[in-house]
Amino acid sequence: MDGTRTGTDQMERFTPGPDTARAFRDALGRFATGVTVVTALAEDGPVGITANSFASVSLDPPLVLWSPARASSRFAVFAGAGHFAIHVLGQEHRDLAAHFVRNGRDFAGVATVSGPGGAPLIEGCLARFACRTAARHDAGDHLIVVGEVLEAGMRPGEPLVFSQGAYGHFLRGH
């Protein structure tokens, strides 16, 4: 990083590239996100992955997106899935988030029901979106997967939040 600063701005500026990859990742980490688990049904069973790349796209038609990493061992399943489900996690789901970071094929102890296209729907999440894949867009080291929401649900609760490499929670009114 060149550490260029102007006036009272304390921001260290850099040009993203191979030599500043860690700094770029750290800068992206300043944006707090919600935490989701995305699931799909592979030929050999259910697959899940923890992701924070979830975003709404459109209300009419109802569209959402997420972006699996090409480097993930689970990439091929999600890139080729015709249906998937996005589960927004609550504060009480830290262990579930950590579980699907490590092992995407172990659903032992995870209560699920079958959703549209067979995508596993995890019970008890803060919100859930069962989707049909509507579009896929190449995006560097990730793929943008757009889903048409076929079914949605929600319950009261506080979201699990991720920022700067750590899970946390949202404080209202502060």
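Derivation of every value follows stated rules applied to the coordinates shown; laboratory data play no part. This one's a predicted model, so the numbers in the text were calculated from it and none came from an experiment. With ideal geometry, Cβ positions are generated from the backbone for all residues, glycine too; neighbour counts draw on all protein chains shown.
When only the Cβ of Lys, Arg, Asp and Glu is charged (+1, +1, -1, -1), the dipole of the range 33-161 relative to its Cα centre reaches about 140 debye.
The helix-only estimate of mean residue ellipticity at 222 nm for the chain, built from DSSP H runs of length n ≥ 4 each weighted as -39500 (n - 2.57), is -3500 deg cm²/dmol after division by the residue total.
If exposed means no more than 16 neighbouring beta carbons inside 10 Å and the site is in a DSSP loop, what's the longest run of the chain without any exposed GluC sites (Glu not before Pro)? Longest run free of exposed loop sites: 44-122. When the Gaussian network model of the chain links Cα atoms closer than 10 Å, the mean-square fluctuations of Asp106, Asp60, Asp95 top out at Asp60. Shown in residue order for the range 33-38 are the 3J(HN,Hα) couplings computed by the Karplus curve 6.51 cos²θ - 1.76 cosθ + 1.60 at θ = phi - 60°: 10, x, 10, 10, 10, 9 Hz (x for Gly and Pro). When the chain is treated as a GNM with alpha-carbon contacts under 10 Å, the residue of Val161, Val37, Val110 showing the greatest mean-square fluctuation is Val110. Ranked by the mean number of other Cβ atoms within 10 Å of their residues, highest first, the peptides 29-36, 78-85 fall in the order 78-85, 29-36. Charge tally around Gly45: other residues with Cβ under 11 Å, Lys/Arg +1 each, Asp/Glu -1 each, net -2. By the Cα gyration tensor, the range 1-103 has an equivalent ellipsoid whose semi-axes, rounded to whole angstrom, run 32, 16, 15 from largest to smallest. Taking amide H as placed 1.01 Å from N in the peptide plane, Ala134 has its amide H under 5 Å from the amide H of Val146, Gly147, Glu148, each at least 5 places away in sequence or on another chain.
Taking the square roots of five times each eigenvalue of the Cα gyration tensor of the range 33-161, the equivalent ellipsoid has semi-axes of 19, 17, 15 Å, listed largest first. Spacing of the modelled spin labels on Ala79 and Arg94, each 7 Å from Cα toward Cβ, amounts to 3.4 nm. Summing Lys and Arg as +1 and Asp and Glu as -1 over all other residues whose Cβ lies under 15 Å from the Cβ of Val77 gives a net charge of +1. Computed extension gain for Phe170 through Asp138, at 0.36 nm per residue and net of the alpha carbon distance, reaches 8.3 nm. Couplings 3J(HN,Hα) for the range 42-59, derived from phi with the Karplus relation 6.51 cos²θ - 1.76 cosθ + 1.60 (θ = phi - 60°), are 8, 4, 9, x, x, 9, x, 8, 7, 8, 10, 8, 7, 8, 7, 10, 8, 8 Hz, where x marks Gly and Pro. Taking θ as phi - 60° and the Karplus parameters 6.51, -1.76 and 1.60, the scalar couplings of the range 134-149 work out to 9, 6, 10, 10, 5, 8, x, 7, 10, 10, 8, 10, 9, x, 7, 6 Hz in sequence order, x denoting glycine and proline.
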